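*Asks:* The structure under discussion is supplied below as structure tokens; questions concerning it will follow.
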């Protein structure tokens, strides 16, 4: 009806409704939500009628809302999203993660885009100033242009299809993207956003590769407050953020607004990004004097006179070594394909044993000291302060009741942290100790942690808190 929506508040004390946050009868504080029965079946039938579609056999939702006023998004959006097999983030957007990689220049043939298309995007001359005529020419990358993984682009095509249906069926306007293949994405805008930030930077898709990284200009990554040391960030289709993001959806908790596009930066301003980007060299080669001074151990500041650094006025950044293709190397991080932590640790130690420049014993001690021991200690603490959840009604308990059952419905209680997750790292730590002759400190630390865990557990507790595998039921 296009009329303004007015919140209705509920007073639990006198069981009445009000237009104000304070009850007009008893002056108690009212809430914009309360427990009630929802005719879901009727709502879904109305949605089918409104959208003109048949709802699929499986639509996933959430058990509850975490935002302050318990505001849900329109059911129609969730139904359309489920139709396309898409999942949603806490702020209402759909996003895809990938590792950052800096890129200052590229060849059209490397990113799967024709010369004619790139000319339409503004790429008309190569790095030497010659007219762009063939796919093997090198071009300087514009600061807000990005090259995405093919897998991500295929997913973004599905998101674009969802948004077009949302525009047509829910908002009753013409579709915007009309995309069929990943090639159709070229020229469209996306948002790049890093965890623990509130701002997203606009980027333009100009191509795609078989790698699993987002290639972009160092300025663009720095605008997300990233320095490309293995960090992974998120990509959001711009119109998805415009249509579906709302700060009313985010959790009402510390850090709830983090990692959301609360602020969108349409234009990258070099004087507003972190200064560390300007500590990078912009040179094709290093003079002999540079190496001689480095050999003498001079401070970096003393080299400024013979170095040319990146500046705010020139986003064309040179490189010192040419390569035949930016995508001929490793396309996927092996670490992500190994599966279990035990296998990852085993192969990591095997690689260490093959490298002559690494002290195996020192590496193992550092692994225990900086990773395993801290994880075990943290997991034990989490295990001891864990909550328990009722399998039947979902109620959570800060401590296990004396009757070992749900006090509301008598249902079975399940732990939220299983003992197997804690013991896993203890086992890995013991294997590292068995492989190397390490300082007694590490064996003593592991023994104390194991004793601390077992001190609070009886045999019955151990059986109850051990997660069963599927094969145990057959």
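*Asks:* Report every pair of residues separated by at least 6 positions or lying on different chains whose Cβ atoms are under 7 Å apart, first residue within segment 408-423 and outside the structural domain of residue 446 (by TED's automatic domain parsing), second assigned to a loop (DSSP other than H, G, I, E, B) and surrounded by fewer than 12 Cβ atoms within 10 Å (Cβ to Cβ).
*Replies:* none
*Asks:* May I pose another question? If residue 56 satisfies all but one of (1) within 23 Å of residue 250 (Cα to Cα); (2) at pLDDT below 90; (3) touching a helix residue (DSSP H, G or I) at 6+ places or on another chain (Cβ under 7 Å), what's the number of the condition it fails?
*Replies:* For residue 56, the failing item is (1).
*Asks:* Of these, 392, 374, which one is assigned to a loop (DSSP other than H, G, I, E, B), surrounded by 12 or more Cβ atoms within 10 Å (Cβ to Cβ) and either without any contact (Cβ under 8 Å) to a residue 60 or more places away in the chain or in the same structural domain as residue 448 (by TED's automatic domain parsing) (or both)?
*Replies:* From the options 392, 374, the qualifying one is 392.
Table: residues versus (1) assigned to a loop (DSSP other than H, G, I, E, B); (2) assigned by TED's automatic domain parsing to the domain that holds residue 205; (3) crowded, with 19+ Cβ neighbours inside 10 Å.
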site	(1), (2), (3)
135	yes, no, no
151	no, yes, no
154	no, yes, no
162	no, yes, yes
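*Asks:* Mind listing just one residue for me: the one in segment 410-443 that is in contact with a strand residue (DSSP E or B) (Cβ under 9 Å, 6 or more places away or on another chain) and not in a loop (DSSP other than H, G, I, E, B) and, of those, nearest to residue 384 (Cα to Cα)?
*Replies:* Applying the filter and picking the extreme gives 415.
*Asks:* Could you check how many residues of segment 333-345 are assigned to a helix (DSSP H, G or I) and either in contact (Cβ under 8 Å) with a residue 60 or more places away in the chain or loosely packed, with under 14 Cβ neighbours inside 10 Å (or both)?
*Replies:* Matching residues across segment 333-345 total 8.
Residue-by-condition table, conditions (1) touching a strand residue (DSSP E or B) at 6+ places or on another chain (Cβ under 9 Å); (2) not assigned by TED's automatic domain parsing to the domain that holds residue 159:
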| position | (1), (2) |
| --- | --- |
| 62 | no, no |
| 72 | no, no |
| 83 | no, no |
| 117 | yes, yes |
| 120 | no, yes |
| 131 | yes, yes |
| 148 | yes, no |
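*Asks:* Could you grab me the full set of residues in segment 119-133 that are surrounded by fewer than 19 Cβ atoms within 10 Å (Cβ to Cβ), under 33 Å from the mean Cα position of the chain (by Cα) and assigned to a loop (DSSP other than H, G, I, E, B)?
*Replies:* Passing the criteria: 121, 122.
*Asks:* May I pose another question? Specify which of the listed residues (18, 3) is free of Cβ contacts under 8 Å to residues at least 60 places away in the same chain, surrounded by 13 or more Cβ atoms within 10 Å (Cβ to Cβ), farther than 30 Å from residue 146 by Cβ and out of contact with any helix residue (DSSP H, G or I) (no Cβ under 8 Å at 6 or more places or on another chain).
*Replies:* Every option except 18 fails the conditions.
*Asks:* Does at least one position in segment 180-191 carry a residue that is within 18 Å of the chain's Cα centre (by Cα) and assigned by TED's automatic domain parsing to the domain that holds residue 235?
*Replies:* Within segment 180-191, one or more residues are within 18 Å of the chain's Cα centre (by Cα) and assigned by TED's automatic domain parsing to the domain that holds residue 235.
*Asks:* Let me ask something additional. Scan segment 311-332 residue by residue and report those that are within 20 Å of residue 128 (Cβ to Cβ) and in a loop (DSSP other than H, G, I, E, B). Before you say what the answer is, go through the steps one by one.
*Replies:* Taking segment 311-332 as the starting set, the residues that turn out to be within 20 Å of residue 128 (Cβ to Cβ) are 314-326.
Within segment 311-332, 315, 316, 317, 318, 319, 320, 321, 322, 323, 324, 325, 326 meet the criteria.
*Asks:* Could you tell me whether residue 245 is in contact with a helix residue (DSSP H, G or I) (Cβ under 8 Å, 6 or more places away or on another chain) and within 30 Å of residue 52 (Cα to Cα)?
*Replies:* On the way: in contact with a helix residue (DSSP H, G or I) (Cβ under 8 Å, 6 or more places away or on another chain): no; within 30 Å of residue 52 (Cα to Cα): yes.
Considered against the rule, which asks whether it is in contact with a helix residue (DSSP H, G or I) (Cβ under 8 Å, 6 or more places away or on another chain) and within 30 Å of residue 52 (Cα to Cα), residue 245 comes out as no.
*Asks:* How many residues, within segment 67-83, are crowded, with 17+ Cβ neighbours inside 10 Å and in a loop (DSSP other than H, G, I, E, B)?
*Replies:* Total satisfying the criteria: 1.
*Asks:* Under 7 Å between Cβ atoms, which residue pairs at least 6 apart in sequence (or on different chains) link something in segment 134-157 that is touching a residue at least 40 places away in the same chain (Cβ under 8 Å) with a partner that is in a helix (DSSP H, G or I) and surrounded by 19 or more Cβ atoms within 10 Å (Cβ to Cβ)?
*Replies:* 143/219; 143/220; 144/220; 146/220; 150/182; 153/182; 153/185; 156/185
*Asks:* With respect to residue 92, determine if the residue is crowded, with 16+ Cβ neighbours inside 10 Å, part of a loop (DSSP other than H, G, I, E, B) and assigned by TED's automatic domain parsing to the domain that holds residue 199.
*Replies:* Criteria met by residue 92.
*Asks:* Let me ask another. Go through (1) more than 27 Å from the chain's Cα centre (by Cα); (2) over 30 Å from residue 63 (Cα atoms) for residue 371 and report which single condition fails.
*Replies:* (1)
*Asks:* Identify, by number, the condition in (1) in the same structural domain as residue 324 (by TED's automatic domain parsing); (2) in contact with a strand residue (DSSP E or B) (Cβ under 9 Å, 6 or more places away or on another chain) that residue 158 doesn't meet.
*Replies:* (2)
*Asks:* Suppose we filter segment 271-310 for residues that are touching a helix residue (DSSP H, G or I) at 6+ places or on another chain (Cβ under 7 Å), assigned to a loop (DSSP other than H, G, I, E, B) and farther than 30 Å from residue 189 by Cβ; how many remain?
*Replies:* Count: 1.
*Asks:* Among the numbered criteria (1) loosely packed, with under 13 Cβ neighbours inside 10 Å; (2) modelled with pLDDT of 85 or more; (3) closer than 26 Å to residue 347 by Cα, which one does residue 443 miss?
*Replies:* Going through (1) loosely packed, with under 13 Cβ neighbours inside 10 Å; (2) modelled with pLDDT of 85 or more; (3) closer than 26 Å to residue 347 by Cα one by one, residue 443 breaks only (1).
The values are calculated or read from the model by the stated rules, or taken from the named source; none is laboratory data. Computed from a predicted structure; not experimentally measured. Using ideal geometry, Cβ is built from the backbone for each residue, glycine included, and neighbour counts are taken over all protein chains shown.
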